[in-house]
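What follows is a set of notes on a single structure, which appears directly below.
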Amino acid sequence: MADDMEVEAEREGCGYQKNDKMFTLKKWNLVAMWSWDVECDTCAICRVQVMDACLRCQAENKQDDCVVVWGECNHSFHNCCMTLWVKQNNRCPLCQQDWVVQRIGK
Amino acid sequence: MTYRNAPSVKKYHPSLQRNDPAGVASNSEWIRRGPGNWCSFRRLIRTNNDCEGWHRRFNCRAARENLPFYVLVELLEKEARLVNLGLQLVAEHSLTTTNKKSSKDRQETLTQLWTKYEEKNISTKDFFTASLDEKTMSLKPRHIDFDSTWSTLLETVRGVITYVYALCVAVDPLVDQLYQETKTFLEKYVQELHNKVIAAGEDHLLSSYHRYSEEYGKGAGYLNQLYRYLNTAFIKKKKHSEADINYGRFQLDSVDQMMEIGELALDIWKRLMVEPLQNVMLKLILRDIQSDREDMTVNQNVLHGVINSFVDVEQYRKKNQLLLYEEVFEIPFLRETGDYYRKEASQLKDECTCSEYMEKVIQKLDNENFRSRKFLHPSSYAKVTHECQQRMVADHLQFIHEFLKSDCKELMHTERRKDLGNMYTLLKPIQRGLGFLIQQVEDHIRQMGLEAVKNLKGENIPAQFVESMLNVHKRYTELIHIVFQGDQQFIGALDKACAVAINYRSTVKVPCKSPELLAKYCDNLLKKSSKGVAEAELDDMLSSCITVFKYLDDKDVYQRFYAKMLAKRLIYGQSASMDAEEAMINRLKQACGYEFTNKLHRMFTDVNISTDLSCKFSEFLKRDSINLGINFSIMVLQAGAWPIGQSNLPTFAIPQELERSVRMFELFYSQNFSGRKLTWMHTFCSAELKVNHLKRPYFVTMGTFHMTIILLFNSSDSHTFREILDHTQLPDSELSKQLQCLIDTKIIVTEGDVTESSTFRLNMEYTNKRTKFKITAAMAKETAQDIDQAHSAVDKDRKMYIEAAIVRTMKARKVLKHNLLIQEVISQARSRFTPSISMIKKCTEALIDKQYLERTPQTTDEYSYVA
């Protein structure tokens, strides 16, 4: 499939014409790093880095399910930490505004 | 017919078949096979009772039918252990077959008949009749005159049954009288026997004593049964119950107590036979045992019987049955044995070298052990062995140790396994006897290990290191298993020695190199390489890495290096086999726990997820009919899991023609996931370019920065430093480094050094032997710095770990002494590294500053937790 794409590219001329260019790019291997788009690296509730799973999930070996949640206030925490927190107190632990979920990481 | 000789039977064979119309005999299988198979002419062996006997005993031991297989195996295994003993007993002629007298007689008659027949003194017919008679005769009951025999028998039976009973039930005093009379009779009888024994003279004293004691013992048994009524009805009532004796309310005073008749008989024997003779018998027994030691033949039966009669005499006693045996025989015997072997040992020591001495001593111990089994009561076996060991080994420990000290090196070097094995056998039963040997072995292994570590030189040091360590480990594990029977104490010594060698560091300040070397060794194994290693072999080699890994003190350092190398292998697709990678991670997990390999696992899964992601991305492009014009693969790594920092990334502008692809992917990614941001790690990206302008095409693999620079030359044959800088946005220093690298490969050229005013041109004359090659990034070369960086990162991790451990401990204990805290932290950290005490102290200070802990007021060495 990759070859097809290349041939097409050359024919349509949106890339490089054959023998026209001195160098043609055959393949590009890209490496990217993803991280949660957060302002603060640490979850204020469990004091663990948000990139790592919270302690509860680490203990139960559910690292892959431990995601991050953002509030309207733009503060972020581990989703599981926050779910427990709001049962006690429906405010953001950092700014004391009412907690409204803006988005949940995936 | 079986008793005739084979040739002559053969002669009659055809006629036999003719005369046997029914074919019963002649057609039966064994006849048809010919007489050679069944003829027993002049042969004695006509029974397989020895096998049958074994079979029967074995069946009894099994105690049930249809044994399950594993029970049977165990049983057979036990039996197999007895085989050697059996062989030895047979060799010693102490286990022989016995024949019944009747069968012996019959055999004799047959032999006579055979002789007569061979000398033609009797006819064939007579021979047959005679041998047939002989064969069947013993089975026929003899004619006996019933009346006369019965009347004799009746007399006795009546006498026993009626009179004992009558005497007992008549009137009370008669019981005493019967008892007294029996006693007097027995006393007289024993006295007579005693006189006979004495009369036999010293040479025959033991054998006649043995004969009489056997007879008397049996007689006493029968007598006891005859007097059973007396025993149960009268004597037992008068006797103290067992409980009384056990609780000691009565003094055991056998003199004025009535005894059961059997006991009485044996008591009389003891008083009138054993006690007067004990000294002379002891002398004779010791003399005989002595001559047995000197390999002269003695009558084993008699000796064994006499010695055990001291036990049998006391068989009715409820307590201390062995007392007489011990007093009369065992104690003096042990003393005598000790003396004998003390003399033997000192004589041997003067005569031979230590290795000869050990061998001889082992032989002597074996012999003496066997002798115990031949003559003594089972209770003495261990005592005799112990006595011998004390006299020959424990007393001369110094001798053996000196030998060990002077020759240990040589012993271990040339692996004189026999000597070492002998030493082990001798020293093992001695209390604290092995300590010195273990110490010597440990010292030696450590020395060998250290030599191997210090001598690492030249090429491929990681492989040298791991292989030499494995060699040492394997060699001595094998030695310990063969020579020291896999003794745990020696395995412990091996472990200690290996740990010292593997964690060797030339000075205290330099970190130990072993974790790094081991990680490199693993890296070399797991990398794709020209020499193809078979899957199974690779697997074995990796498993043996774990052997070395387990001895590492600084497992966290190893992990750091391993992670770094794993990252490179995964990103650049250099792994020889993903299965092998996964297997290795699982092995580390097994050795060190989940937490240790957590990040390695995450790295591994990231790679698999990325493959999926690339597929999905191309589907996504297809669906929207977007053509990016390049073929690219993408790896998305999870930050935090990889040993790659996100800080200090150089600024960089992606070439315009490629930017669209990157944006498309970012769009795709944000549609699939939410709340994530991507950071491009350009230093890890690579590209494959086709070079068209030269005489023949080349395929070159290079880093993204190089690619960007090279692609610029598509628009013009030469560029100035500034132009390139504007296009790439790379920092100055980074750009010069990258350009220098390209110039080194001669693809582009410039005059003089790379400066900000340089101009770069394409090299139109470029040639290379290979059509496919790679330009290595300048990044990969900074190894020394990498190593330091790795070590400092490990230090940081350690501090975190120690602080966490301290807080955990203090939270649980609230108040703790300084020393106890340090111990606790060390024990928690041991599975990953050995923390230095100064580091623990520093961490404690830091925690006090952060107000997690405080020093308990009025004490100097105690901390308390601040909630």
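Got at least one residue in the range B:683-692 being modelled with pLDDT under 90, in contact with an Asp or Glu (Cβ under 9 Å, 6 or more places away or on another chain) and facing another protein chain (nearest Cβ under 9 Å)?
Checking the range B:683-692: at least one residue is modelled with pLDDT under 90, in contact with an Asp or Glu (Cβ under 9 Å, 6 or more places away or on another chain) and facing another protein chain (nearest Cβ under 9 Å).
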Q | Residue list for the range B:799-833, filter: open to solvent by 60 Å² or more (accessible area, probe 1.4 Å) and touching a helix residue (DSSP H, G or I) at 6+ places or on another chain (Cβ under 7 Å) | A | B:LYS799, B:SER831
Q.
If I filter the range B:675-687 for residues that are free of Cβ contacts under 8 Å to residues at least 40 places away in the same chain and part of a loop (DSSP other than H, G, I, E, B), do I get at least one hit?
A. yes
Q. Going by the conditions given, is B:VAL302 under 44 Å from the mean Cα position of the chain (by Cα) and within 17 Å of B:GLU202 (Cα to Cα)?
A. yes
(Q) So, B:TYR572, is that one hydroxyl-bearing (Ser, Thr, Tyr), surrounded by 14 or more Cβ atoms within 10 Å (Cβ to Cβ) and within 14 Å of chain A (Cβ to nearest Cβ) or not? (A) yes
Q: Determine which member of the set A:ALA44, A:ALA32 is touching a Leu at 6+ places or on another chain (Cβ under 6 Å) and open to solvent by less than 10 Å² (accessible area, probe 1.4 Å).
A: A:ALA32
Q) Mind checking whether some residue in the range B:695-705 is facing another protein chain (nearest Cβ under 9 Å), open to solvent by 10 Å² or more (accessible area, probe 1.4 Å) and charged (D, E, K, R)? A) no
Q. Pick from B:SER670, B:SER718, B:SER736: which is under 30 Å from B:GLU619 (Cβ atoms), at pLDDT 85 or above and either surrounded by 13 or more Cβ atoms within 10 Å (Cβ to Cβ) or more than 9 Å from chain A (Cβ to nearest Cβ) (or both)?
A. B:SER670
Q | Search result, residues across the range B:619-639 that are out of contact with any helix residue (DSSP H, G or I) (no Cβ under 8 Å at 6 or more places or on another chain) and at the interface with chain A (Cβ under 7 Å from one of its Cβ atoms) | A | B:ALA639
Q. Does B:ALA790 satisfy being closer than 22 Å to B:ALA591 by Cβ and either surrounded by 14 or more Cβ atoms within 10 Å (Cβ to Cβ) or of a type in the set (A, V, I, L, M) (or both)?
A. yes
Q: Select, from B:LYS283, B:LYS236, the only residue that is modelled with pLDDT of 80 or more, open to solvent by 70 Å² or more (accessible area, probe 1.4 Å), assigned to a helix (DSSP H, G or I) and farther than 16 Å from B:GLU187 by Cβ.
A: B:LYS283
(Q) Quick check on the range A:20-43. Is at least one of its residues modelled with pLDDT under 70 and more than 7 Å from chain B (Cβ to nearest Cβ)? (A) yes
**Q.** Members of the range A:67-106 found to be open to solvent by 30 Å² or more (accessible area, probe 1.4 Å), within 11 Å of A:CYS43 (Cβ to Cβ) and more than 12 Å from every other protein chain (Cβ to nearest Cβ), listed by number
**A.** A:HIS75, A:CYS80, A:TRP85, A:PRO93, A:LEU94
Q | Filter result for B:THR776 (of a type outside the set (D, E, K, R) and closer than 30 Å to B:LEU689 by Cα) | A | yes
Q: Filter the range B:819-853 for residues that are assigned to a helix (DSSP H, G or I), over 41 Å from the mean Cα position of the chain (by Cα) and either in contact (Cβ under 8 Å) with a residue 40 or more places away in the chain or under 26 Å from B:VAL510 (Cα atoms) (or both) and give the result.
A: B:LYS841, B:LYS842, B:CYS843, B:THR844, B:GLU845, B:ALA846, B:LEU847
Q) For B:PHE713, all conditions in the list (1) of a type outside the set (D, E, K, R); (2) facing chain A (nearest Cβ under 8 Å); (3) open to solvent by 10 Å² or more (accessible area, probe 1.4 Å) hold save one; what is the number of the exception? A) (3)
Q) Is at least one residue of the range B:651-662 open to solvent by 60 Å² or more (accessible area, probe 1.4 Å), more than 29 Å from B:GLU619 (Cβ to Cβ) and in a loop (DSSP other than H, G, I, E, B)? A) yes
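The values are calculated or read from the model by the stated rules, or taken from the named source; none is laboratory data. This one's a predicted model, so the numbers in the text were calculated from it and none came from an experiment. When we count neighbours, we look across all protein chains shown, and the Cβ atoms used for this are built from the backbone with ideal geometry, even at glycine. The accessibility values were calculated without ligands, DNA or RNA, using every heavy atom of the protein model including side chains. Shrake-Rupley method; radii C 1.70, N 1.55, O 1.52, S 1.80 Å.
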